[in-house]
């Protein structure tokens, strides 16, 4: 059995269907609407909603009161506004501004509104149906208080303090030799005569040069020559100090051209690695590899090609 009570007056009762539950049509009146559930005449549940007045203050509700200062731990904080009687105002859509200080930062904002175009980063977010959320994260190697303050116009501001605990840091593993794997090649048609290794490919040509991912030999059934072409952008260390190209298992005679300059030559047909140093550059690099072999033989880039930091 369940009752519906509006402003202290019983307005309906009905047996509860355990599958469909209960549905009520209640004419609107400001005040307090209650639902009360009974089992064998004994009250077992009660829920109420109340008409609220204008918001007067902000409330911040952290999921936890402490996090660790490893630079990764984070805590969500619920944001809502309250009326003069301390009731959450679920119709409020007010803008809230946040200020954070101490051992952490704001890493995200949200309000659940799929149509909102407000940024998820920053220090400002509007409520949606009375709610918003702020996510705080500790700073690396930090400890002490993390303070968050929320303000909105004439409303009473709210401040909370999250305790950031000192913790043992995760060991840092240095990457000694970062590298790039070149796997987006295009290969020219096979030809019987030696082509220009730096021939320009027309922008509209999507057919004569075929995509090639590298790391495999090809059968030179239609000719003795082919050009393998790709580009790469040096990363920070290579832009400053230069680097080196490592071409694994190159089979067939080969010429390595970098930005239209011949930088290495392989004169034997057997599979071998080629290592080529290149100077510092911040420009995109064009790499062409001209392969020559006997017609009908398998040749080409038999292994991966990497762009490595300078030794």
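Some points to look at:
- With q set to 0.19 Å⁻¹, the log10 of I(q)/I(0) for the range 221-276, from the Debye formula over equal scatterers at the Cα positions, is -0.79.
- Taking the empirical scaling 2.2 N^0.38 Å for compact globular proteins as reference, the range 117-181 has a Cα radius of gyration ratio of 1.73.
- A simple packing score, the average count of other Cβ atoms within 10 Å per residue, orders the peptides 270-279, 14-23 as 270-279, 14-23, with the highest score first.
- Column: log10 I(q)/I(0), Debye, Cα scatterers of the range 2-50, q = 0.14, 0.19, 0.25, 0.28 Å⁻¹: -0.34, -0.62, -1.01, -1.19
- By average C-beta atoms within 10 angstrom, highest first, the peptides 291-297, 145-151: 145-151, 291-297
- Kirkwood hydrodynamic radius of the range 23-181, from inverse mean 1/r over distinct Cα pairs, in Å: 18.5 Å
- Residue list for the range 225-247, given a label point 7 angstrom along the Cα-to-Cβ vector of residue 304 and an amide N cut-off under 14 Å: 246-247
- Taking a point 7 Å from the Cα of residue 66 along the Cα-to-Cβ direction, the residues of the range 106-136 with backbone N closer than 19 Å to it are 136.
- Dividing the mean sequence gap of close Cα pairs (under 8 Å, 6+ apart) by how many residues the chain holds gives a relative contact order of 14 percent.
- Treating each Cα of the chain as an identical point scatterer and summing with the Debye formula, the log10 of I(q)/I(0) at q = 0.11 Å⁻¹ comes to -0.82.
- Compactness of the range 121-227, expressed as Rg and Dmax over alpha-carbon positions, Å: 30.0, 83
- Listed peptides 86-94, 112-120 by packing density, highest first (mean Cβ within 10 Å): 86-94, 112-120
- Per residue, the average separation of C-alpha pairs within less than 8 Å and at least 6 apart gives the range 170-311 a relative contact order of 35 percent.
- For the range 129-166 versus the range 197-253, the inter-centroid distance based on Cα atoms is 53 Å.
- Dividing the mean sequence gap of close Cα pairs (under 8 Å, 6+ apart) by how many residues the range 55-165 holds gives a relative contact order of 37 percent.
Bear in mind that the values in this text are calculations on the coordinates, not laboratory data. This is a predicted model, so every value here is computed, not measured. Note that each Cβ is placed from the backbone with ideal geometry, even for glycine, and that neighbours are counted across all protein chains shown.
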